Amino acid sequence: MIARLTAVLYHRPAGCEYKGADIHIQKKTTDINKYGDFMCGNIWRYFSLGLCLAFSLTACSQSPDSNTLQVLSRVHFNTNVSNFEDSKLFYAQLGFETVSGFPDNNTLAMAQAVGISTPTSYDGAQGGAAGGYLLHGELIGLGLTGGVIDLIEFKIPRNDSPPYSTVNHLGMSRATMLTSNIAADYLHLKALGVAFLRPPISRKNGERFTIFTDPDGTFYELRSLPRSSTSASANAAGTYIQQLGPVTINVTNYDRSARWYEQLGYRFTKHIDPIESLEVSQAMGLQTPFEIKGGLFIHSYDGSQLEIVEWKTPKLLTPPYPIPINHLGIHRIALSTADIEGDVKKLQSRGVKFISDITPCCSGADSWGKIVAFYDPDGTIIELVEQPMMTIMARLAHALK
């Protein structure tokens, strides 16, 4: 639930205004979008005040040390697409539904925050700053607790270069969706025209998986949940996909990257088998057996997952997607922090390279949040987000575990 709620708060609907710690929310215009009646109404205000009280009761005992980053949760990962409407229909077939919309355009500072050189060719006719970006997207999620994808079609500037063509490319090569009935999902989705590399197969550890692509060719892994989690019924779309699992980040040096991601709160949980059968390799789109060094990392606060993998063979050293952050495929992960200024100072002291300064986000000059993007050791893009209500929700969810 935390991923979905924090995602809604991150991309506040147009027409709502947040001021200070006493949470003053008001209608700024009569042209409120479809989310505004709830988000700007009295229910939202009283709900927010209740959360503030809960926060004061659950978070006051936290006293982080000076070396600890204040990363609390994964808000979402971003998948860029070439045609938003077609892609939205595709993801709806999997069970995803709209969580929240967000502005199609924004300030020049926001454009620069995602690595866009300004001015662009955008003339400002559809709102926002001339010379900035024009896009269309939504946050889409799996029910209330299944996780969120930031689905975006960039129109200006546009980049139609295809996503990574192999699963061993440096960067965020794929994300995993967890299902309670992989056999049924494979047959159902294949009948709908979803492109799979191979039928489901088992790894050495017993996990059954299959890899498919979205309409642009972005890789996703469909992986079976443990048997103890297989009693769930199908969702409204007819699939058994329950939640988003790990995002796989390919790196050049596993040990270095493992230490680097630990500072963001991701703790090593278990090793990934270094060698698999030829059949498993082929199910991943490879023609020869592979050797890797990798591990599963789980966030100590919200339980979100990363797989960090160094490919020994076949080795591919082509860099991850560069800026701007508009390349088709999975281009960034957004993480919620309780102290963006403090975290940025710590990361800068450790030599981390940033794309821009901290920037108000994501509703123009009156935004109630802040973002900043930076690179991991191999150039994969990570984003920090601070928004007061997101912090409250993350801490409340953590306290209720």
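The values are calculated or read from the model by the stated rules, or taken from the named source; none is laboratory data. Here the structure is a predicted model, which is why all the values come from computation and not from measurement. So basically every Cβ, Gly included, is an ideal-geometry build from the backbone, and we count neighbours across all protein chains shown.
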Legend entry - Sole exception among (1) buried (at least 18 other Cβ atoms within 10 Å of the Cβ); (2) at pLDDT below 95 for D366, by number: (1)
Inset, instruction - Return yes when D214 is touching a Pro at 6+ places or on another chain (Cβ under 9 Å) and either at pLDDT 95 or above or acidic (D, E) (or both) and no when it is not. - result: yes
Inset, instruction - Could you run through the range 257-278 and say how many residues are closer than 20 Å to S300 by Cβ and part of a helix (DSSP H, G or I)? - result: 6
Legend entry - The lone exception for K346 - which of (1) out of contact with any strand residue (DSSP E or B) (no Cβ under 6 Å at 6 or more places or on another chain); (2) under 20 Å from T248 (Cβ atoms); (3) touching a residue at least 24 places away in the same chain (Cβ under 8 Å) it fails: (2)
Inset, instruction - Within the range 222-237, count every residue that is in contact with a Gly (Cβ under 8 Å, 6 or more places away or on another chain) and surrounded by 19 or more Cβ atoms within 10 Å (Cβ to Cβ). - result: 1
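Could you check the range 211-234 and list, in sequence order, the residues that are touching a helix residue (DSSP H, G or I) at 6+ places or on another chain (Cβ under 9 Å) and either over 18 Å from L142 (Cβ atoms) or assigned to a loop (DSSP other than H, G, I, E, B) (or both)?
Of everything in the range 211-234, those that are touching a helix residue (DSSP H, G or I) at 6+ places or on another chain (Cβ under 9 Å) and either over 18 Å from L142 (Cβ atoms) or assigned to a loop (DSSP other than H, G, I, E, B) (or both) turn out to be I211, D214, P215, D216, L225, A234.
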Legend entry - Any chance L396 is farther than 23 Å from M177 by Cβ and in a loop (DSSP other than H, G, I, E, B): no
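For (1) surrounded by fewer than 19 Cβ atoms within 10 Å (Cβ to Cβ); (2) under 23 Å from the mean Cα position of the chain (by Cα); (3) among the aromatic types (F, W, Y), each residue gets a yes or a no:
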| residue | (1), (2), (3) |
| --- | --- |
| H188 | yes, no, no |
| T210 | no, yes, no |
| P215 | yes, yes, no |
| T239 | no, yes, no |
| N250 | no, yes, no |
| E262 | yes, yes, no |
| F268 | yes, yes, yes |
| D273 | yes, no, no |
| A283 | no, no, no |
